[in-house]
1. Since ARG53 meets every condition but one in (1) outside any helix (DSSP H, G or I); (2) at pLDDT below 80, which condition does it not meet?
2. Quick one: in the stretch 56-82, which of the residues that are assigned to a helix (DSSP H, G or I) and either in contact with a Cys (Cβ under 7 Å, 6 or more places away or on another chain) or basic (Lys, Arg) (or both) is modelled with the lowest pLDDT?
3. Return the residues of the stretch 1-40 that are basic (Lys, Arg) and modelled with pLDDT under 75; say none if nothing qualifies.
Amino acid sequence: MKFPSIFRTPEYKRFNFKPRYYNERTEAMKDRVASASGNESAKTGSRMREAYRRHRLRPAASANRASNFRLAIIVCILFLLFYLVFF
């Protein structure tokens, strides 16, 4: 028996999820077959995947440097304000 309530209970969400599997050996084999057959579109896809991997693995040194500089400026300003207020 359900009691009346002013709160609405949420309904369950249903998802249509189909998992995808990645096999690196199969991808490498497809790339070798495509390069041997001269299929240009497969070579382009392979180059795009490699560029994405290189970009993801490359450290974001410039972003870290900017973040560290910003943090140093904020700390200096806070120390200056602390000094002016309490001394």
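The values are calculated or read from the model by the stated rules, or taken from the named source; none is laboratory data. Predicted, not measured: the structure shown is a model, and the values here were computed from it. Here the Cβ positions follow ideal geometry from the backbone for every residue, glycine too, while neighbour counts run over all protein chains shown.
1. Failing condition for ARG53: (1).
2. Among those that are assigned to a helix (DSSP H, G or I) and either in contact with a Cys (Cβ under 7 Å, 6 or more places away or on another chain) or basic (Lys, Arg) (or both), it is ARG56.
3. Listed by number, the list holds a single entry, LYS2.
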